[in-house]
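The values are calculated or read from the model by the stated rules, or taken from the named source; none is laboratory data. Please read these numbers as outputs of a predicted model, since none were measured by experiment. Quick reminder, even Gly has a Cβ in these numbers, built from the backbone with ideal geometry, and neighbours come from all protein chains shown. In case anyone asks, the SASA skips ligands and DNA or RNA and just uses the protein heavy atoms, side chains included. Shrake-Rupley method; radii C 1.70, N 1.55, O 1.52, S 1.80 Å.
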Amino acid sequence: MTASIDTASAVGTARRWWMLALGMFAQAAQAVFVNGVAFLIPELQANHGLSLARTGLVVAAPTLGVMVTLIAWGALADRYGERRVLAAGMATTAAAGLGAALSGSLTATAVFLLLGGMAAASANAASGRVVVGWFPPERRGLAMGIRQMSLPLGIACAALTLPSVAHDHGIGWALTLPAALCAAAALACALWVVDPPRPSRSDAADLGMLTNPYRTSGTLWRIHAVSVLLVVPQYTVWTYALVWLISERQWEATSAGLVVTLAQILGAFGRMGVGFWSDVVGSRMRPLRWVAAGGGLSMAALAVTDAMDSPLAIVALLAASVATVAPNGLAFTAVAEIAGPFWGGRALGVQNTGQFVAASIVPPVFGALIGIVGFPVTFAIAAGFPAASIPLIPVARSEDRSTGIEEDRVETRP
């Protein structure tokens, strides 16, 4: 009997980690598609004569596509489950990526990137729901932190491969890599993803799990607002780190790509670390305050060291790359836990929509800022956004349960 229970437990644990691996693969492939275009900026400028601001519009196309469909994909995941959403969405992303690779004009490429981003949004809510659904609350922060590693790891893959492929073979060949990865992710999800268990809708109604969480508390809205502010320095670094290293530090494209890759890998482990930290302290929001402060300080350090033309600016860039991505997993996990299994997809869609609105604005706006005031001042402006987020971060208050700021005590339902 004991052996049977132990075997069942081992099978259940193995399944959780396998679901996590599949979710990570889908999210990483999506990240290569959506964020990898930023690493084509030097080639776009060299071959098409675009200004940094106009190139930023092309870079923002897949991000804009993700933004407009996140809530819809989340609603589909709430209704029909994660496996169908992941398989269909990633397959469509792969098709759009192939269209972008084969298109004969920059305008057509941008349109395909936009369409691919619209399909790629499927991975954001659905892969997060898989992790939240399969892991218990006391392990969920670490699991979601590991899942959130997929984004910087995907960007690291893009930074390591896309610039050199685009330089040697052209932008079309570079875009075939994310298309192939998304096709592989679609197949893997269709074959092996298992939707996490949840109550029937009738049981969920009796438990109050179908109630709209936005009507009973302001906590979710505050987390969404905080996350939007924290995206600004993150995407400033992600979008323009390679350009800064090449144009301001006179690095070769390959060497600059290696530094960006290292930064993304360090950021990935930073996300895992803060997720584990949140499990240990039993809170998602208290660690979020600390990492938000770290993001602001590291961006300020980057601004100062760049203005001084100090070699320490490279160290500051690495620190900012880690600190600015660390908050995402904490906020993402908290939103999923508060919303529950029947509102999680939509809540995560709202969460990511706000973030992608900001992410779509950052490349053209901050590209224009760099052209007007230079990199140091732009980095300093970006540093102000994490500072502004800190007062908005919810913290549980045991003395007042009517405020809605109760995220550390909200019942979480796998």
Margin query: What number does the chain give for Rg over Rh if you use C-alpha atoms and the Kirkwood radius?
Written below: 0.97
Notebook entry, point to check: Between Trp192 and Leu210, what is the label-to-label distance in nm when each label sits 7 Å out along the Cα-to-Cβ direction?
Noted result: 3.6
Check: Roughly how many Å is it from the Cα centre of the stretch 166-237 to that of the stretch 255-326, as a whole number?
Finding: 22
Notebook entry, point to check: Based solely on its DSSP helices, what 222 nm [θ] is calculated for the chain when runs of n ≥ 4 H residues each add -39,500 (n - 2.57) and the sum is averaged over all residues, nearest 500 deg cm²/dmol?
Noted result: -28000 deg cm²/dmol
Margin query: If you take every residue apart from Val131 with its C-beta less than 13 Å away from the C-beta of Val131, what net charge results, scoring Lys and Arg +1 and Asp and Glu -1?
Written below: +4
Check: Roughly speaking, to the nearest percent, how much of the chain's 1.4 Å accessible area is carbon and sulfur?
Finding: 67
Check: Working from the pairwise distances between different alpha carbons, so that the mean of 1/r is found and then inverted, what is the stretch 250-317's Kirkwood radius in Å?
Finding: 13.7
Next item on the list: Over 12 Å, how big is the tail of the calculated P(r) for the stretch 226-279, in percent of all Cα pairs?
Entry: 71
Next item on the list: Normalising by the residue count of the stretch 53-208, find the relative contact order in percent from Cα pairs under 8 Å and 6+ residues apart.
Entry: 34
Note to self: Over all directions, how big on average is the projection of the convex hull of the alpha-carbon atoms in the stretch 202-361, in square nanometres?
What the structure shows: 10.6
Checklist line | Neighbour-limited loop hits for trypsin sites (Lys or Arg not before Pro), the stretch 22-94 (at most 14 other Cβ within 10 Å; DSSP other than H, G, I, E, B) | finding: none
Notebook entry, point to check: Where does the Debye-calculated log10 I(q)/I(0) of the stretch 105-171 sit at q = 0.29 Å⁻¹, using only Cα point scatterers of equal weight, no solvent?
Noted result: -1.16
Item checked: Unit charges at the beta carbon, dipole of the stretch 252-393: most positive-side option, Ala334, Gly384, Val259 -> Ala334
Check: Residues of the chain: accessible area per residue at 1.4 Å, in Å²?
Finding: 39
Margin query: So if I average 1/r over every pair of distinct C-alpha atoms in the stretch 297-374 and take the inverse, what Kirkwood radius in Å does that give?
Written below: 14.8
Notebook entry, point to check: Magnitude of the Cβ-charge dipole of the chain, K/R +1 and D/E -1, about the Cα centre, nearest 20 debye?
Noted result: 700
Check: Span-like helices, the chain: DSSP H, alpha-carbon axial extent 24 Å or more, mean Kyte-Doolittle -0.5 or greater, which ones?
Finding: 2-35, 52-80, 82-102, 106-134, 150-169, 171-192, 219-247, 253-281, 285-307, 344-373
